[in-house]
Structures are given as structure tokens and as C-alpha cells.
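This report concerns only the one structure given below.
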Amino acid sequence: MSRQFFLLCFLFITRTHGVSPKSRVRSFPKGFVFGASTSSYQIEGGAFDDGKGLSIWDVATHLEPSPITDESTGDVAANSYNLYKRDVEIMKELGLDFYRVKYWMTINEPKQICYEGYGSDKKAPLVNMTGVGEYLCAKNVLLAHAKAYHLYDEVYREQQNGTIGISISFSWYEPASESQEDHQAAWDAIQFDWGQYANPIFSKDGDFPTELKKNIAAKSAEQGFRRSRLPELTAAEVLTIRGSSDFLGLNTYTTKLAYRDASLEGMYAVPSYMDDMGSVLVKDPSWPQGESSWLQEVPWGFYKLLMEVNRLYDNPRIYVTENGWSTAGGLLDEDRIRYLRSYLSALLDAVEAGCNVRGYSVWSMIDNFEWMAGYKEKFGLYEVDFSSSDRTRTPRKSAFIYKEIVRSRSLDPHFEPETYIEEIHVVED
């Protein structure tokens, strides 16, 4: 009887490559900083250790039936609660400028908190009070952010000498055609997706964007509501929120095409965020596809995004606080390397065009619990073996590429690491 088994080998590959004379090595500006991002629930574990209370994700992941694709939880995750020393070693291996420093963020990704957590069931706490909950949440999150900012500014800044801001998720929305309807669909998508949170803080006049207020008020009236489902910001609240950030933390991954036509009729629930926006958002099938269904590689969209943020908000100081690529796993992640290089090149294009981008943080340093996708989507520069109680961390090829970018402060599209780790699966009969 034949016997099959799989042998997994880790090989240290040594290669030497000459750099093409036509290659262009691009340098990052003086003072530009590099980091890597993670998030507490997604990596720490220790869910029930040392008297810790329950979080909304502790509750959500233990619902029956499980809302998580692979029915996993973050109870242990990457076990950084206990393996933090190894994570610090990884930071040193990569040569990072920051991971825990005095760049304070009050809130990370308010849209994901509000729209996905309260206006849908895409994130905990799965409230799904569509068309109402996300807007109530938006106002409260903005006010909470502003109050935290002013507290830090008035009480702690002088002593700690830190900076404080907010991280907002941004996608670029490109009109699917040259029609006026599609251009308006893209503009409305921008204002709903990130203008809702960025405009009150970073624009000259503050307040929610005009398109957001107009669309929701009109839809609310059509639906028989006595007033708009979007709560107003009072003049005092507008003043409190406006300017309440030292920098803009920008999380970005991808681009979508936007259009508006008769197919919208009956497409979305009523009332809902998407019905209020009134845009159809799709991908171009020619764009490279990540493991995450929502993630496509569109570097020119990143460039356009940075230029538009520059135009709308008077060239704010920007730190890219999340940007990365998902795979199904494996150590030889050439697609992630391509993505990182193309997006960093687009970033440099924007800097050369005048955008005030001061730093970049890749998502993510290590594999983690990716919310509703569980452990199926891998974003880490370092692979985590979630099948092992040791949660072993192993650098992917992209880790060696990113380490060189950080070390050299430059982007060399032809650089190949002299040493990296590659998996080989051997099948024997």
C-alpha cells in the first residue's frame, strides 16, 4: 500500500541579483518614518486573563451560531498578551521607527465602528440599526474624539510633548464613466465613506458634508420621517470638532468604481446608508485581487486619494496608518511585495506633487484575527502558525523587502534579499 505524506521544509535562499541600469531607486523624504500596525483584539488573546472584562468582540465571537466565517475567536489569537517579547524582537528585526510612540490616536476607523457595527452586521456589536444607528454613532464618535483631543491638548500635551489625531479609513471612488451621473455617484461615495468623518475635523468650515446632509434629508422626507435621520451638529459642536487633530491618520487599501443608473431601484434596503448614498460600487475585474473579496490593487487610486485629501483639507499632515495586502498564506508572498512597492511608489508620486505625507505603517506586522473572516485572510509580514500552541512567527519574503525599505529609506523595485525563507511542499509515495 502506498503511503503519502507532506514534508514542509524551510529553506534559506541565497541569491545575488544585479540591479538593472534602467532601474530607478526612489528616496523617501528626510524625516519620513516607517512602522507596522496591529490591533489589540486581533493579536493579543488573553481574553479571560487577569480579570479582563468582556469586549464587544468577546461577546460577538461566542454567539451561536457563530457570525465568523471559520467560527473562530480572538480568545488566543496570536497570543501577543504572552508573546509580546517576541513581537518586540520583530519590531527590531524590521528596524521600525514606531509601533508604540507618542502619536496618539483617539479613534481608529470610525466608519467601521459606526456603519459596520451599528448600521449593519458586518462588525461587532452587530446592531444593524440600518439608516439610523450609523449616523447617531457618527455624531457621538466625532464628539468623543474632539473631547479626548481637547483633554489631551489642555492637560497632557505640555508634559508629554505628544501629538494626537484620528485614523479614518479611506477608499478612492472613480467614476465608472464620464457621465455626470457617475461623477456625482463617485463624489457622493467619497462624502459618505470618509467625508462624513474627515470633513467635520479637517475642512475649513467643519460640519458634515453638504452632500451627506442633503441626500439623507431628502430620503428621510420621502420615507415619511419628520426630520433627517442624520442628527445635526450644533454650532458649538461644529466648533468643538473642527480642527481637533494634529494629523490625519489615513487607513487605505483599495479603489472602487462608482456609477448611478436605473439598476439602483430596489437594490438597497430602505432606509439604509447605501440607499442614502445612491451609488453602485464595483471593482474592475482586471485589477489584481487579494484574498479578501473587497481588496484589489489599484495604486493610481491611492495617488488620486492623497491628492484629493490634499485639495479638500488644505494639505494636512498625513500618516498612512494602515495599508496592506491579504493572501491565503505561505511565505513567498510576491503579490504582497508587488502591492507594497506599487502603493509606496504612488505615495512618493503624491509627495513629489506636494502632499504632506510624513509616515507609513504597513498592515500588518503579523497575521491576526481578521474580524468576520477569522484566520482565513493573512495580512502579516510575519506568518503566525495558529495551529501551534507556540503561535510561531516566521518572516515572509515581504518582511525582508520591507526591512530593506526601512533601512535604506528608499524604494528599489529590483531589490532581492540575499536571504529569505521559502516553503517547499514535498509529496512522497
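A few comments on the model shown:
- Tensor-based shape of the stretch 76-152 (alpha-carbon gyration tensor, a/c under 1.5 rounded, otherwise prolate or oblate): oblate
- Computed 3J(HN,Hα) for the stretch 305-318, one whole-Hz value per residue from the Karplus formula 6.51 cos²θ - 1.76 cosθ + 1.60 where θ = phi - 60°, is 4, 4, 5, 6, 4, 4, 5, 6, 10, 6, 6, x, 6, 10, glycine and proline marked x.
- Considering only Cα atoms, the convex hull volume of the stretch 24-176 works out to 225 Å³ per residue.
- For Arg317, the residues whose amide H sits under 5 Å from its own are Leu248, ignoring neighbours fewer than 5 places away on the same chain, with H placed 1.01 Å from N.
- Projected area, mean over directions - the stretch 339-394, Cα convex hull, nm²: 5.1 nm²
- Descending principal axes extents, the stretch 169-269, alpha-carbon based, whole Å: 41, 38, 22
- The overall shape of the stretch 53-117 is oblate: from the C-alpha gyration tensor, with semi-axes ordered a ≥ b ≥ c, the ratio a/c is 1.5 or greater and a/b is no larger than b/c.
- For the chain, taking Cα atoms only, Rg and Dmax work out to 22.6, 80 Å respectively.
- Accessible surface of Lys376 - all protein chains present, 1.4 Å probe, nearest 10 Å²: 110 Å²
- Using the Karplus relation 6.51 cos²θ - 1.76 cosθ + 1.60 with θ = phi - 60°, the per-residue 3J(HN,Hα) values for the stretch 117-127 come to x, 10, x, 7, 10, 7, 9, 4, x, 6, 6 Hz, with x marking Gly and Pro.
- Measuring only protein heavy atoms, the 1.4 Å probe finds His145 accessible over about 0 Å².
- Of the listed residues Thr234, Thr255, Thr394, the order by accessible area with a 1.4 Å probe, largest first, is Thr234, Thr394, Thr255.
- Solvent exposure of Glu71, expressed as accessible area, is near 140 Å², computed with a probe of 1.4 Å over the protein chains only.
- Gain on full extension, evaluated as 0.36 nm per residue between Trp294 and Met129 minus their Cα-Cα distance, stands at 57.1 nm.
- Note: relative contact order over the chain, using C-alpha pairs below 8 Å and six or more positions apart, is 24 percent.
- Only protein atoms count toward the accessible area here, which uses a 1.4 Å probe; on the chain, the carbon and sulfur part of that area reaches 52 percent.
- Couplings for the stretch 280-291, taken from phi via the Karplus curve 6.51 cos²θ - 1.76 cosθ + 1.60 with θ = phi - 60°, read 9, 10, 9, 9, 8, x, 7, 6, x, 10, x, 5 Hz in order; Gly and Pro are left as x.
- The modelled label-to-label distance for the pair Val25/Leu239, using points 7 Å beyond Cα in the direction of Cβ, is 5.4 nm.
- Classified by the C-alpha gyration tensor, the stretch 102-187 has an oblate form. Its axis ratio a/c, with a ≥ b ≥ c, is 1.5 or above, and a/b does not exceed b/c.
- Helix-only CD estimate at 222 nm, as mean residue ellipticity for the chain, using -39500 (n - 2.57) per DSSP H run (n ≥ 4): -9500 deg cm²/dmol
- Convex hull of the stretch 284-429 built on C-alpha atoms - directionally averaged projected area, nm²: 11.7 nm²
The values are calculated or read from the model by the stated rules, or taken from the named source; none is laboratory data. Being a predicted model, the structure only gives us computed values, none of them experimental. Cβ sites come from the backbone with ideal geometry, for glycine too, and all protein chains shown count toward neighbours. Surface areas here come from the heavy atoms of the whole protein model, side chains and all, with no ligands, DNA or RNA. Shrake-Rupley method; radii C 1.70, N 1.55, O 1.52, S 1.80 Å.
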